[in-house]
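Input: a single structure, listed below in structure tokens.
The values are calculated or read from the model by the stated rules, or taken from the named source; none is laboratory data. If you're wondering where the values come from, they're calculated on a predicted model, not measured in any experiment. In this analysis, Cβ positions are derived from the backbone assuming ideal geometry, glycine residues included, and neighbour counts consider all displayed protein chains.
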Amino acid sequence: MGEGSPAGTLPKAVVNEERSPASKALTRSARHEIRCWSHEGAPVQLSEYFPVLLFLVVALLIGAGLLVVAKPIRPHRPDAEKNSPYECGFNAFGDARKQFDVRYYRVAIFFIVFDIELAFTIPWAVAIRDVGWPGFLAMMFFLFLLAVGFAYEWGKKALEWE
């Protein structure tokens, strides 16, 4: 918290007189560093992220430049072998699109849905002492909904293989 600010409010932006080497490279209008306050109250200087932004921009420009330069330079010699779906040397001996039983799809979807929902309980279990009764009751409601969904699938016989 800033000096003189009431409890529970964030302090106003503070202009920092000291400048990092990264901020010296900024234009004159952007030289003032504004501190953002994290939840612990420690100041974070946004200008310290300028090198990361510069790195990302340069990386994207180099990648795009290489793609643009390579397009007219590369040899373009298409033939039947390169355009065929199999380049392993064997001729295709059947259609690759075969039907499979929809039960595998159902099991996979149920696994993904219930597994992802249960993965949401991991952060709750780690922070169970910090969330208190409201967090506990919210997670119990979430698990109740998960159990209702599982019972519904069981009642519809969606989990039976036959």
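On the stretch given as region 148-162, residues that are over 16 Å from PHE111 (Cβ atoms) and modelled with pLDDT under 90 total 3.
Taking the listed residues LEU118, LEU145, the one that is of a type outside the set (Phe, Trp, Tyr), at pLDDT 90 or above, in a helix (DSSP H, G or I) and under 28 Å from the mean Cα position of the chain (by Cα) is LEU145, with no other qualifying. Output the residue which, of all residues in region 42-76 that are assigned to a helix (DSSP H, G or I) and among the β-branched types (Val, Ile, Thr), is surrounded by the fewest Cβ atoms within 10 Å (Cβ to Cβ). Among those residues, the one meeting the criterion is ILE73.
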